[in-house]
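Chemist: Pasting in a structure now, in structure tokens, and then I'll have a few things to ask.
The values are calculated or read from the model by the stated rules, or taken from the named source; none is laboratory data. Not measured: the values here are computed from a predicted model. So basically every Cβ, Gly included, is an ideal-geometry build from the backbone, and we count neighbours across all protein chains shown.
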Amino acid sequence: MKNLVVIDVDNVLADSIRTWCKLVKERLAVDIKFENITSHKLVGCVPFTPAQIFDLQDNVWGNWPQLPTTEEGIPHILEQLQGMDYRINLATSGPVRHVRYVRKWLARNRIPYDKFENVKNKSNLSADILVDDAPEEIRAFASTKRSAFLYDRPWNRALANGRFLRITKLSQLIQHLHQPSNQTRLLAATQVR
Ligand SMILES: [Mg+2]
């Protein structure tokens, strides 16, 4: 059985929050700096009501053809992963109403995967590896002694220590998986808080 990697879509593959910040500037003339976002959930860390935040998020995904990837070369990186005999499940915990847009966005950006899932708690998935930007998902997944890769974003920088690896580029995932002894050493050197 191939090992299973679960990769989060929002803010790991799709640059959702950066696009949300741009939309806020265009529509509400408020300059919210991406680097100052302290929660991927946005509620409570930006000066808007939940309804305003969700409406803008709907616009980010509703306008999916304009939503960029977080970095260049994602299809090639995921193909490499599949070539290393990993299965890739892409997962989003976003609202169900976004799912049809997410699927179209993945196809348009030629992002390869084996399965797509809309789930609330990725740590409950029977995966071997998780790549996510959400600190609570990484913390929960890592606590089960599985390999967790935290995709570096402004809102997860407070999660400084833990049984996980922080990556700033998805290609670093490939590098770490190519060097299992190195990965094990790094994971063993840190503790869950
Ligand atoms: Mg995410």
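Chemist: Where residues in segment 34-53 are within 16 Å of the ligand (Cβ to nearest atom) and within 23 Å of residue 69 (Cβ to Cβ), which of them is surrounded by the fewest Cβ atoms within 10 Å (Cβ to Cβ)?
Modeler: 41
Chemist: Oh, and also: Could you check segment 34-44 and list, in sequence order, the residues that are touching a residue at least 24 places away in the same chain (Cβ under 8 Å) and not aromatic (Phe, Trp, Tyr)?
Modeler: Scanning segment 34-44 gives 35, 36, 37, 38, 39, 40, 42.
Chemist: Hey, among 131, 102, 119, which residue is buried (at least 21 other Cβ atoms within 10 Å of the Cβ) and away from the ligand (no atom under 11 Å from the Cβ)?
Modeler: The conditions single out 102.
Chemist: So, one more: Quick one: would you say residue 46 is on the phi < 0 side of the Ramachandran plot and part of a loop (DSSP other than H, G, I, E, B)?
Modeler: Yes.
Chemist: A further question on this structure: Spot the failing condition for residue 155; the list is (1) modelled with pLDDT of 95 or more; (2) in a helix (DSSP H, G or I); (3) out of contact with any Ser or Thr (no Cβ under 7 Å at 6 or more places or on another chain), and only one is missed.
Modeler: (3)
Chemist: Moving on. For segment 78-85, indicate whether the set of residues that are within 15 Å of the ligand (Cβ to nearest atom) and either within 19 Å of residue 16 (Cα to Cα) or without any contact (Cβ under 8 Å) to a residue 60 or more places away in the chain (or both) is non-empty.
Modeler: Checked against the condition, which is being within 15 Å of the ligand (Cβ to nearest atom) and either within 19 Å of residue 16 (Cα to Cα) or without any contact (Cβ under 8 Å) to a residue 60 or more places away in the chain (or both), segment 78-85 yields no hits at all.
Chemist: Out of (1) farther than 17 Å from residue 2 by Cβ; (2) surrounded by fewer than 13 Cβ atoms within 10 Å (Cβ to Cβ), what's the single condition that is false for residue 83?
Modeler: Only one criterion is unmet by residue 83, namely (1).
Chemist: Counting only residues that are part of a helix (DSSP H, G or I) and within 14 Å of the ligand (Cβ to nearest atom), how many does segment 1-33 have?
Modeler: 5
Chemist: Continuing with the same structure: Just to be sure I understand the filter: pairs with C-beta atoms under 6 Å, separated by 6 or more residues or on different chains, first member in segment 11-33 and farther than 16 Å from residue 54 by Cβ and without any contact (Cβ under 8 Å) to a residue 60 or more places away in the chain, second member part of a helix (DSSP H, G or I) and within 16 Å of the ligand (Cβ to nearest atom). Which pairs pass?
Modeler: Within 6 Å, the pairs are 18/34.
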